[in-house]
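Read-outs: derived from the displayed coordinates by stated rules, not from any lab. Everything numeric in this text was worked out from a predicted model, so none of it was measured. FYI the Cβ positions are ideal-geometry reconstructions off the backbone, even for glycines, and counts take in every protein chain you see.
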Amino acid sequence: MSQLRGLLREDTAGDPMGRRGLWTGLRLEQMCDRLKELGIRVCPNTVRRLLDVLGYALHANRKSLSGPQSPQRDAQFQCVQHQL
């Protein structure tokens, strides 16, 4: 468990004092591979359970939208196109 904590220390995000908790951007397979390098063979499901015990969640990077698009968006692009 201490080796897993060591891996997580390098790639932890979140708010330890808030309700949102901690998360890591590492994939389960990446954590398994790094633990294997340390001589610990473990499957991804076990790593997932250990993360839950430690209070971590997996957090995938994803693109977020900035909100609804402006109705004039197409007109703005056409204006720029005419200026070129």
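Values as computed for the structure displayed
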{"item": "Over 15 Å [Cα-Cα, the range 2-60], rounded percent", "result": "43"}
{"item": "Theoretical FRET efficiency, 1/(1+(r/R0)^6), r = Cβ-Cβ of R9 and Q30, R0 22 Å, to 0.05", "result": "0.90"}
{"item": "Dipole in debye (nearest 20) - the range 2-60, about Cα centre, beta carbon charges: Lys, Arg +1; Asp, Glu -1", "result": "160"}
{"item": "Charge dipole of the range 2-60 about the Cα centre (unit charges at C-beta), most positive-ward option of C43, L8, W23", "result": "C43"}
